[in-house]
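The next block holds one structure in the form of structure tokens; read it before the comments.
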């Protein structure tokens with residue numbers, strides 16, 4: 001089991017110079033279920049506003065695309081844009097589980113890339129960095145390792161890549177019903193101020209505590 005006090009998170013200087021910044025909250029003992037009525041009602045209240053969002057010239061989303069370009073990756077949308085498009089198409093968010101749904105709605109509202117990982121499946125500390133080209137990870141929903149190309153930015157622990165760019169996390173650390181301890185991070189970019197990220201993290205924490213009954217352990 002991960003010790004909350006031991007976990008540290010860093011960003012490599014090479015990646016930090018392109019504006020990457022991270023805010024993290026650690027939680028325990030959430031009510032992780034398929035659906036929660038209070039969360040469903042909360043999402044219904046704000047989905048109408050999200051459907052009206054024009055993302056065509058959004059500076060936050062554009063900065064994520066620039067990071068993808070720096071990593072020489074093409075053809076992927078920033079996660080928040082994908083969520084907004086799904087909301088516009090289906091009139092709702094995709095349902096994963098209560099914890100994931102509760103931060104996805106904040107991602108769609110704020111245009112920020114937000115992810116969660118099971119802390120008990122993380123080994124050592126976390127670092128956001130450009131890959132050296134010898135890393136592999138198992139993408140969410142898959143069984144086989146996939147090579148990470150040199151220069152693509154990742155979040156990694158001491159033994160594996162846990163998230164590729166800001167787009168897709170690994171299979172090993174996904175949030176499931178049995179998850180006890182987890183972290184949620186917000187990855188900012190050159191067009192997001194610390195204040196903007198802190199406000200978004202505040203909303204994430206509020207949703208996790210009020211709607212998922214999680215206990216906030218600490219903020220990194």
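The values are calculated or read from the model by the stated rules, or taken from the named source; none is laboratory data. Nothing here was measured: the structure is a model prediction, and the numbers come from that model. Backbone-built Cβ (ideal geometry, glycine too); neighbour counts: all protein chains shown.
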If we keep only residues of the stretch 77-95 that are within 15 Å of residue 58 (Cα to Cα) and in contact (Cβ under 8 Å) with a residue 40 or more places away in the chain, then the residue surrounded by the fewest Cβ atoms within 10 Å (Cβ to Cβ) is 79
Scanning for something within 13 Å of the chain's Cα centre (by Cα), more than 19 Å from residue 18 (Cα to Cα) and in a strand (DSSP E or B), does the stretch 134-155 turn up at least one residue? no
Does residue 52 satisfy the criteria of being surrounded by fewer than 20 Cβ atoms within 10 Å (Cβ to Cβ), farther than 30 Å from residue 215 by Cβ and either touching a strand residue (DSSP E or B) at 6+ places or on another chain (Cβ under 6 Å) or touching a residue at least 60 places away in the same chain (Cβ under 8 Å) (or both)? no
Count, please, the residues in the stretch 180-205 that happen to be more than 16 Å from the chain's Cα centre (by Cα) and either surrounded by 22 or more Cβ atoms within 10 Å (Cβ to Cβ) or within 24 Å of residue 32 (Cα to Cα) (or both). 1
Of the residues 18, 27, which single one is in contact with a strand residue (DSSP E or B) (Cβ under 8 Å, 6 or more places away or on another chain) and either in contact (Cβ under 8 Å) with a residue 24 or more places away in the chain or buried (at least 18 other Cβ atoms within 10 Å of the Cβ) (or both)? 27
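Is it the case that the stretch 53-61 has a residue that's farther than 25 Å from residue 84 by Cβ and at pLDDT 90 or above? Can you show your working first?
We begin by selecting, within the stretch 53-61, every residue farther than 25 Å from residue 84 by Cβ; these are none.
No.
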Taking residue 104, is it in contact (Cβ under 8 Å) with a residue 24 or more places away in the chain, outside any strand (DSSP E or B) and either surrounded by fewer than 21 Cβ atoms within 10 Å (Cβ to Cβ) or touching a helix residue (DSSP H, G or I) at 6+ places or on another chain (Cβ under 7 Å) (or both)? no
Looking at the stretch 13-95, what helices (runs of 4 or more DSSP H) fall wholly within it and have at least 2 residues that are under 20 Å from residue 185 (Cα atoms)? 13-16, 59-70, 79-90
Going residue by residue through the stretch 116-133, is there one that turns out to be under 12 Å from the mean Cα position of the chain (by Cα), crowded, with 21+ Cβ neighbours inside 10 Å and not in a loop (DSSP other than H, G, I, E, B)? yes
Are any of the residues in the stretch 162-179 surrounded by 22 or more Cβ atoms within 10 Å (Cβ to Cβ), more than 30 Å from residue 53 (Cβ to Cβ), at pLDDT 95 or above and touching a strand residue (DSSP E or B) at 6+ places or on another chain (Cβ under 9 Å)? yes
